[in-house]
Amino acid sequence: MDLPPSIGLPNGPRIEAPKGRLVNIAILGGTGKEGAGLAIRWALAGHSIIIGSRDAERARAKAAELREIAKKLPIVGHTNAEAAELGDVVVVALPATGLQATLPEVASACRGKIVVSTVVPLTFGGPRLFTPPPAGSAAEEVQALLPEATVVAAFHHIAAHELAELDEPINCDLLVCGHDADAKETVAELGRSMGLRSIDAGPLSNAGPVEGITAVLATINRRYKIKNAGIKITGL
Ligand SMILES: NC(=O)c1ccc[n+]([C@@H]2O[C@H](COP(=O)([O-])OP(=O)(O)OC[C@H]3O[C@@H](n4cnc5c(N)ncnc54)[C@H](OP(=O)(O)O)[C@@H]3O)[C@@H](O)[C@H]2O)c1
């Protein structure tokens, strides 16, 4: 997409001049708050977005709703399976409970692609908020379900609430975990394209602790009656 540097839209957010490589990004579960928030931030940065859903009509409706936020945004809607086919990078923005039902049907479409897991296995209302699967983390479960993809874990601490506040920068660092340095750099660049400081947080085996921090942030949000507890790494 060819955009002039920083377009100010009347009554709307600003579309920034694209920074770095532009990517077709499929978002599985993109009808939810987190997926939709990532979609709009990335679309405003110039990337093309395919919203995925179990229901193609729901995906198209969400894409149309997001396109209303700023005109000419490249956002379309499809089923999760079609979205995975169309995306160069596939983002999993599903609840942890939806992974087993959804990912096997997209496994061949994800072959050879970078798959970003935003998934945090949280259980609300119980004694323990962070409830990782036997694989150790949701990201490692995603990797087991998509063995021919390169999974990177990221965006767990970037709240949907903050993503939706388009006039404000996101006040949180992006921690990125994965086994493949090039895949991590691609995801770091996608983070930078929405204004985040991206930090390499090590291999995919660190995804469990990284996902677990979200449980701590959710607890802090409740204790202090706020919505936007985040995390910043010092010393860099
Ligand atoms: N919300 C946040 O602030 C936040 C922050 C960081 C990370 N995350 C993580 O991001 C992921 C998405 O969060 P969210 O709040 O957007 O979740 P959500 O609204 O509960 O779910 C997102 C979408 O997933 C689909 N879905 C729901 N249940 C499903 C199931 N059982 N099987 C298959 N698909 C299902 C739905 O889309 P369709 O009905 O259209 O298929 C839904 O719109 C979660 O793993 C969460 O831990 C969230």
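The values are calculated or read from the model by the stated rules, or taken from the named source; none is laboratory data. No experiment lies behind these values; they were computed from the predicted model shown. Backbone-built Cβ (ideal geometry, glycine too); neighbour counts: all protein chains shown. Quick note on the areas: whole protein, heavy atoms, side chains included, nothing else; ligands and nucleic acids left out. Shrake-Rupley method; radii C 1.70, N 1.55, O 1.52, S 1.80 Å.
Annotation: lysines with alpha-carbon distance below 28 angstrom to LYS225 (same-chain offsets under eight excluded): LYS33. Taking label points 7 Å from Cα along the Cα-to-Cβ direction, VAL76 and ASN171 give a separation of 3.9 nm. For GLY30, the residues 5 or more places off, or on other chains, whose built amide H falls under 5 Å of its own are GLY52. The simple spin-label model puts a point 7 Å past each Cα toward its Cβ; for HIS161 and ASP55 those points are separated by 2.8 nm.
Please report the relative contact order for the chain, taking Cα pairs under 8 Å with a sequence separation of at least 6, and give it as a percent rounded to a whole number.
Relative contact order here is 16 percent.
Backbone phi angles across segment 163-177, fed through the Karplus curve with coefficients 6.51, -1.76 and 1.60 (θ = phi - 60°), yield HN-Hα couplings of 4, 7, 8, 6, 7, 10, x, 7, 8, 6, 7, 9, 8, 10, 10 Hz in residue order; Gly and Pro are listed as x.
Mean projected area of the convex hull spanned by the Cα atoms of segment 14-145, taken over all viewing directions: 8.7 nm². For THR79, the accessible area of its heavy atoms, probed at 1.4 Å with every protein chain present, is near 40 square angstrom. If you take the Cα centroid of segment 74-149 and the Cα centroid of segment 159-194, the two points sit 17 Å apart. Taking the average, over residues, of other Cβ atoms within 10 Å as the packing measure, peptides 158-169, 85-96 rank 85-96, 158-169 from highest down. Ellipticity at 222 nm from helices only: DSSP H runs of n ≥ 4 in the chain, each -39500 (n - 2.57), divided by the residue count, give -10000 deg cm²/dmol.
Distances between placed amide hydrogens fall under 5 Å for VAL152 paired with VAL115, VAL116, SER117, all partners being 5 or more residues away or on another chain. Backbone phi angles across segment 45-61, fed through the Karplus curve with coefficients 6.51, -1.76 and 1.60 (θ = phi - 60°), yield HN-Hα couplings of 7, x, 6, 9, 10, 10, 7, x, 8, 5, 10, 4, 5, 5, 5, 5, 5 Hz in residue order; Gly and Pro are listed as x. For segment 70-170, the square roots a ≥ b ≥ c of the C-alpha gyration tensor eigenvalues yield an a/c of 1.5 or more together with a/b not exceeding b/c, which makes the shape oblate. Principal axis analysis of the Cα atoms in the chain yields extents of 47, 42, 34 Å, listed in decreasing size.
Our compactness index for segment 129-236, the C-alpha radius of gyration over the empirical 2.2 N^0.38 Å, is 1.08.
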